[in-house]
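To start, the structure under review is shown below, and the notes come after it.
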Amino acid sequence: MRYTKMLLPLLISFLYDSVAAQEFDLIPADSKITVLGTSTIHDWEVEARELEGNAHINEKTDMPLDIRRLRLEVAVEGLESGKDAMNKKMYESLKHKDFPTIIYDQESVETTKKNSDGSFELHTIGRLTIAGESKKISMLVLAAGSTSTLNFQGETTIDMTSFSVSPPTAVFGSIKTGKDVTIKFNVNFKMSKKIKS
């Protein structure tokens, strides 16, 4: 009995300390990603309707928010402009038959700043893959949440031609879209499980 009393606190301590990370899954219905661009006649906006993602948060660290991994996937054919003709040209430009998914993988967080309201400013480096081409991008991301939920907000502007994507045209080339697009995101995650070290 004496040894049991001695071992029980050690066992409890081991089980607690072994919880090293948390997995979070994207909540698609409560997340929004939009793409904004220009053309020779008017600006346009596209909404991503089919999203998947997960995040892996390290708990045993001195950093205030240590994101070990974050991944977002957007189905190309889930991009919706509200106009069938534009959707078709957009999917073709993004080579959807060969590359049906746009993927973002965060690789590192360079700096983290905690704000007075409890949110965090993250200077992130990640890899964006569009139409089979992968490029590193840096973004300032605002993060907030609790032990069970996470929210990430931000935006970045990219040159689509750097991903070998030709801007769509219409009416025999008389209407042209701009090569630069701005991606805005407001995505929410919920904790799915704890991971032991």
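The values are calculated or read from the model by the stated rules, or taken from the named source; none is laboratory data. Please read these numbers as outputs of a predicted model, since none were measured by experiment. Note that we place each Cβ from the backbone using ideal geometry, even for glycine, and neighbour counts take in every protein chain shown. Ligands, DNA and RNA are excluded from the accessible area calculation, which covers all protein heavy atoms including side chains. Shrake-Rupley method; radii C 1.70, N 1.55, O 1.52, S 1.80 Å.
When you restrict to C-alpha pairs under 8 Å that are six or more residues apart and normalise by the size of the range 38-197, the relative contact order lands at 18 percent.
Computed on protein heavy atoms with a 1.4 Å probe, the accessible areas place 97, 113, 179 in the order 97, 113, 179, largest first. With R₀ set to 30 Å, the beta-carbon distance separating residue 166 from residue 144 gives a calculated FRET efficiency near 0.20. Projecting the Cα atoms of 101, 125, 115 onto the charge dipole of the range 47-127 (Cβ charges, centred on the Cα centre) puts 101 farthest toward the positive pole. Once the Cα-Cα distance is subtracted from the 0.36 nm per residue extended length, the residue 180 to residue 114 segment shows a gain of 20.6 nm. Using θ = phi - 60° in the Karplus curve 6.51 cos²θ - 1.76 cosθ + 1.60, the 3J(HN,Hα) couplings for the range 179-193 round to 7, 8, 10, 10, 9, 10, 9, 9, 10, 10, 10, 10, 5, 9, 6 Hz; x is entered for Gly and Pro. Distances between placed amide hydrogens fall under 5 Å for residue 131 paired with no residue 5 or more residues away or on another chain. With every protein chain left in place and a probe of 1.4 Å, what is the accessible surface of residue 34, to the nearest 10 Å²? Rounded to the nearest 10, that gives 10 Å².
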